Amino acid sequence: MVLVFAVSGIAVNHKDDWNPNYQVTHKRIQAPITKWHETSDEILLSQIFNYIDEGVEVKATYWASPTQFKVFLKNDGNITLNLDNHQLIFEHIEARPVFQAINRLHLNETHQAWIVFSDLFAGLLIFLAISALFMVKGKYSPWGRRAILVAFGFIIPLGFIYW
């Protein structure tokens, strides 16, 4: 349980740096300057597939702007044609099943039973942390010389909250 929340927590914390659920790869192809058939999407698709030999099936197409044609593929990817610079961008999206599964758990996107279970687990962690303050007596107790560690346990999170 701790590993699920720890690994997923790191992944979710860095979601601006990388996508923990999907691996996205880009392949840029500079097409020679040619006359693109902008009036017919079918002809334009056949021109695009002259440059991309990936054995792909088209799910949908649309014009994102007057100079940008987007093709969505059935195999988790898409192709973008930029008519200004004659560049094709093939984007392949591949799922990361392990990260997807633990992120769903961490973000409570599963059944209500998981939410109850994770709340109980969190409550037990809180109990463990608080009861540990009172379990050890004598020179190893957290109230003697180790009180500074207990204080830092409160000060550091508060510093990040109010800083």
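What follows is calculated from the coordinates using simple rules that are stated; it is not laboratory data. Just so you know, these numbers come straight off a predicted model, no measurement behind them. Reconstructed Cβ throughout: ideal geometry from the backbone, glycine too, with neighbour counts over all protein chains shown.
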May I ask you to compute the full-extension gain from S65 to Y51, defined as 0.36 nm times their residue separation minus their alpha-carbon distance, rounded to one decimal in nm?
2.9 nm
Cut-off is 10 Å between beta-carbons; in what order do F160, F117 appear when sorted fewest neighbours first?
F160, F117
Hydrodynamic radius of the range 111-162 per Kirkwood, over alpha carbon pairs, in Å:
13.1
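List every DSSP H helix in the chain whose Cα atoms extend 30 Å or more along the helix's own long axis and whose mean Kyte-Doolittle hydropathy is at least 1.0. Don't jump to the answer; show the numbers that get you there.
On the way: long enough: 112-135 (34 Å, 1.96).
Helix filter hits for the chain: 112-135.
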At most 14 other C-beta atoms within 10 Å and a DSSP loop state: those are the exposed GluC sites (Glu not before Pro) I care about. Give me the longest piece of the chain that has none.
110-163
Compute the normalised compactness of the range 38-113: alpha-carbon radius of gyration over 2.2 N^0.38 Å, N being the residue count.
1.49
Count neighbours as other Cβ atoms within 10 Å of each site's Cβ, and list the trypsin sites (Lys or Arg not before Pro) in the range 112-163 that are DSSP loop with at most 15 such neighbours.
K137, R145, R146
Percent of Cα-Cα pairs per 5 Å bin, from 0 to the last occupied bin, for the chain, please list those.
2, 7, 11, 12, 10, 9, 9, 8, 7, 6, 5, 5, 4, 3, 2, 1, 0
Give the calculated FRET efficiency between H37 and E91 to the nearest 0.05, with a Förster radius of 30 Å applied to their Cβ-Cβ distance.
0.85
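If you keep only loop residues by DSSP, which trypsin sites (Lys or Arg not before Pro) in the range 63-104 have at most 10 other Cβ atoms within 10 Å of their Cβ?
Values: sites: K70, K74, R104; in loops: K74.
Sparse-neighbourhood loop trypsin sites (Lys or Arg not before Pro): K74.
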